[in-house]
């Protein structure tokens, strides 16, 4: 008898018919002799509706306000957990709903984006020992002083992985509206292939680069606790993609996938005085303003007296970043500032990179062949990222997908 | 400094604008130097939506299913309590939402219609001592083993009165969509008057007779604990109706109000053998089938050998009642059964009846004058009820309202 954690996202429980469909999927695992813990999101659209209500009554100035924000936005998962438990019982499967406070599912006090501290397992274990499927409201926990918290958008992925880790589950199945993780976004690259296996580290890079299949935190947590996560479709009946340790992938491809993000804006400061401490002068004030800086390059000017600094921020932060830099112009001592919010980041990712040389070179050559200019390059052990003009993004994605041999073999009819 | 409990019903918090309006009403009490506990219903329509969802996934066969029913249907009050607390804070009034389990608000295990056992006051008192308005989610509590319960439809009235009793509040203001308790339904009797005072006992009769201003249980509880309840409008700024002890009403009118109920059906069994135990034979099986019987009359036939029995049930129970009686025909030994679901009950109510004679006679005379036939009569110390054809109900209400001198004096322009 295996212990399986199943997670169903907002579109998977989007209406009553779909909740009934989810119950059938749970029933199948139970009928196969497994113990099941299910965790669910709110019905699609409900959490957005709640956030909208909150924003209409409050500007959420103080941290304490976020405690009541969490009371409101956690309600959607309460509803779906209750409905799913009821549906299961109608199918003859004993079940009960569990809210964060009933478990209890302990978190930090950072309302709106709490971190999980400890999941007590006794109460649920006892209920499961009595043959009941546990249907856990996702996304929510409680603080030490019994206030409701939420885990941030997409938090039910993290709830699921944390439950799997706490209960030592044999597998954590994340049911969603796509049937797995792809080599690239199939809406842009028609020949993208579904991956059977992907390494945690790769998934982490993909998740943080905008492949919105899993919340980044959930991947981190799965990696740290060795949780065997499967991403699969709620609407089709076939295996999905399994997240595994790098050493469990026997034959590593050079590149596993290509991710992109359009949420990028570039800032270039030119003729910055080239003296020690200049990086701190630029990036310190930005960090204080809570603006995340991503890619950074610095080039010395031909005369060697000044330097040009280019970096990227999220597009929504550009305006604030410019203001912060202008306010600190005296300490930074730059001559000109250029900005561009028409850029995008493209990344090739693969643990195979560690053992294959020439991955970056292949990327640069392919882009050059298509006359696509590279603005910034950054690399890590398992990733090469470039910043390019946004208008080339589809072309670049498809060209690289072919160049790295990722294209699906089209079957002949 | 007084302690005020305020309750706002579903239409009073029906949308964001109304929630903001409610916050202003709370603020006014706080600005007047009072301590405030607010309790709120779900936004109008939400609880019905939740019940509908539940009925789509489950037939609610077993008692355990109602525990998850309560998880679902209690969510609406969670949302409004959070939103109102947030709105208050935006107005500069420190506040926080309290859910049933956080208080805790202890109830019996009768999910769906739980009885209140004990409200712990320590946590809320401490929070109020720190200057925070307590915004309590109405309608909900928890059992000893930490499962959510709900108090039945209209339960937030009972939450409010119970909070007022537990905290020894100076007043319990029930804000609703009418501006008080009337001598009769103003939609039928244009000259109905709003009452300034009404005795608990009178209100109890009116509530159970279909004047749906307050949940009956809340009136009972207010009477038992001497809670000073005021019913007033959320949408107008004027005093409402105060519920008081009978001895606090100095000048008692003969009749305080006239209530009616259309939810009535009549059953007559004729030629029932007139022998001991026949009432038990009729009403025992109905009670077992959970069918409430209201008015009962029994007349012996002219020859003295048999008897006719007439009684009323709720209209929705008529079909089931007929089946139960047919199934027990042998033990009851009746000849014929006649039923009529076109009847209505009309009641004149007033504690003044105790000291005024002729109230019933006045009623019979007035109805006779209008040629309205009385089918059944029942009386209590402070009430006379008659069953009449439903089609005469408006005519009868207006005639009695005038006859008892209840008509409002129309002001001359």
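Rule-based calculations on the coordinates, nothing more; no lab input. No experiment lies behind these values; they were computed from the predicted model shown. Virtual Cβ from ideal backbone geometry, glycine too; neighbours counted across all protein chains shown.
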Principal semi-axes in Å for segment B:198-274 [√(5λ), Cα gyration tensor, largest first]: 32, 16, 13
So for segment A:163-219, averaging the separation of alpha carbon pairs under 8 Å that are six or more residues apart and normalising by length, what relative contact order in percent results? 24
Estimated FRET transfer efficiency (residue A:293, residue B:208; beta-carbon r; R0 45 Å; 0.05): 0.05
Projected label distance in nm at residue A:61 and residue A:390, using a 7 Å step from Cα toward the beta-carbon: 3.4
Computed P(r) (all Cα pairs; the protein assembly as shown; 20 Å bins; percent): 13, 34, 30, 15, 7, 1, 0
Computed over the Cα atoms of segment A:1-75, what is the ratio Rg over Rh, Rh following Kirkwood? 1.16
For segment B:170-241, rounded, prolate or oblate, judged on the Cα gyration tensor with a ≥ b ≥ c (square roots of eigenvalues), a/c < 1.5 rounded, else prolate if a/b > b/c? oblate
In nm to one decimal, list the spacings between the residue B:298 label point and its equivalents in the other copies, with label points set 7 Å along Cα to Cβ, shortest first. 10.2
Could you tell me what percent of the DSSP beta bridges with both partners in segment B:3-177 are antiparallel, to the nearest 5? 25
Where does each of B:234-245, B:127-138 land if you order them by average Cβ count within 10 Å, highest first? B:127-138, B:234-245
Just report the Cα centroid separation between segment B:278-319 and segment A:77-135, whole Å. 49
So, relative contact order of segment A:258-403 in percent, Cα under 8 Å, 6 or more apart, is 30
Could you line up B:3, B:83, A:286 from fewest to most neighbouring Cβ atoms inside 10 Å? B:3, A:286, B:83
Calculated FRET efficiency, residue B:341 and residue B:373, Cβ-Cβ r, R0 22 Å, to nearest 0.05? 0.85
Percent RCO, i.e. relative contact order, over chain B, from Cα pairs under 8 Å lying at least 6 residues apart: 13
Please report, in whole Å, how far the alpha carbons of segment A:279-413 spread along each principal axis, starting with the longest. 66, 33, 28
Spin-label point model (7 Å from Cα, Cβ direction): what's the residue A:330 to residue B:326 distance in nm? 9.6
Specify, for chain A, the residue whose C-beta is closest to the rotation axis mapping it onto chain B, with the distance given in whole Å. A:75, 2
Based on the alpha carbons, how large is the Rg to Rh ratio for chain A when Rh follows Kirkwood? 1.02
In nm to one decimal, list the spacings between the residue A:56 label point and its equivalents in the other copies, with label points set 7 Å along Cα to Cβ, shortest first. 2.2
Mean residue ellipticity at 222 nm from the helices of chain B, using -39,500 (n - 2.57) per DSSP H segment of n ≥ 4 over the full residue count, to the nearest 500 deg cm²/dmol? -10500 deg cm²/dmol
Pull up the DSSP beta bridges for chain A and report the antiparallel fraction as a percent, rounded to 5. 60
Quick check: from the Cα gyration tensor, does segment B:37-80 come out rounded (a/c under 1.5), prolate or oblate? oblate
Can you say what percent of the DSSP beta bridges in the protein assembly as shown, counting only those with both residues inside, are antiparallel? Round to 5. 60
Per-residue average of other protein chain Cβ atoms inside 10 Å, peptide B:364-375 -> 0
Say a label goes 7 Å from Cα toward Cβ at residue A:224 in every copy; what distances in nm does this one have to the rest, shortest first? 5.1
The alpha-carbon pair-distance distribution computed for segment B:3-177, with 10 angstrom bins and whole-percent values, is 11, 42, 34, 11, 2, 0
